[in-house]
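Below is one structure, written out as structure tokens, with a few remarks after it.
Just so it is clear, none of the values below were taken in a lab; they were calculated from the coordinates. All values derive from a computational prediction rather than experimental measurement. Cβ: placed from backbone, ideal geometry, glycine included. Neighbour counts: every protein chain shown.
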Amino acid sequence: MPRRASRDAALLTPSLLAETAIRTRELAAVIERSRDLLWWERQRRSSAAFRLRPIRGGVGVADVADLIISTITGASLCAECIARKIDVPSGRVKLTLMRISKSRDVTSAGAGCDVCRTSTKVFRLA
């Protein structure tokens, strides 16, 4: 019985070695691609031509509403300061505030913003 097992192993060894060589080449290619991507990322960060605005607004509608409610609870803030604070475009903040005001008691009045101290329309959760 041991002779048959060693004979089977001897037959499998060349195919296993070939498979190992293939996988080693594939792994080397993936590592090289990863190095290339890291190099490109460093070039993008250091070059002024590639400086792009950060990606914003990756939260859902319900998440934005929750963030706005927690932000304006106990404070009077203008739409621009709310947008900066939660990192969402101010147009989306205004639309969400209109949607929130239908179900919650959101007050809006011309007053001073607690953050930027400008006299403008501010929003507050009553």
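Quick one: net charge around VAL93, please, counting Lys, Arg +1 and Asp, Glu -1 for every other residue with C-beta under 10 Å from its C-beta. Walk me through the numbers on the way to the answer.
Values: positive: ARG84, LYS85, ARG92, LYS94; negative: GLU80.
With Lys, Arg at +1 and Asp, Glu at -1, the net is +3.
With θ set to phi - 60° and the Karplus curve 6.51 cos²θ - 1.76 cosθ + 1.60, what are the ³J(HN,Hα) couplings of region 91-106 in order, to the nearest whole Hz, using x for Gly and Pro?
Each residue of region 91-106 in turn: x, 5, 5, 5, 5, 5, 5, 5, 5, 5, 5, 6, 10, 10, 8, 9 Hz.
LYS102: which aspartates and glutamates have alpha carbons under 18 Å from its alpha carbon, excluding same-chain residues fewer than 8 sequence positions away?
ASP63, ASP66
Using only Cα atoms, what is the ratio of the radius of gyration of region 61-125 to 2.2 N^0.38 Å? It would help to have the intermediate numbers written out before the result.
Values: Rg = 10.4 Å, N = 65, 2.2 N^0.38 = 10.7 Å.
Output field value: 0.96.
For region 11-27, in order, what is each residue's ³J(HN,Hα) by Karplus, 6.51 cos²θ - 1.76 cosθ + 1.60 with θ = phi - 60°, in whole Hz (x at glycine and Pro)?
Listing the rounded values in order: 6, 7, 4, x, 5, 5, 5, 5, 4, 4, 5, 4, 5, 5, 5, 5, 5 Hz.
For GLU80 and LEU95, compute 0.36 nm times the residue count separating them, minus their Cα-Cα distance, and round to one decimal in nm. Provide the component values of the computation, followed by the final result.
Working: separation 15, 0.36 × 15 = 5.40 nm, distance 1.26 nm.
Length difference between fully extended and current span is 4.1 nm.
What residues have an amide H closer than 5 Å to that of SER76, excluding those fewer than 5 places away on the same chain, when H is modeled at 1.01 Å from N in the peptide plane?
Correct list: ASP114.
Provide the FRET efficiency to the nearest 0.05 for the ASP87-ALA28 pair, computing r from the beta carbons and using R0 = 35 Å. Intermediate values should be presented prior to the final figure.
Values: r = 40 Å, r/R0 = 1.15.
The value I calculate is 0.30.
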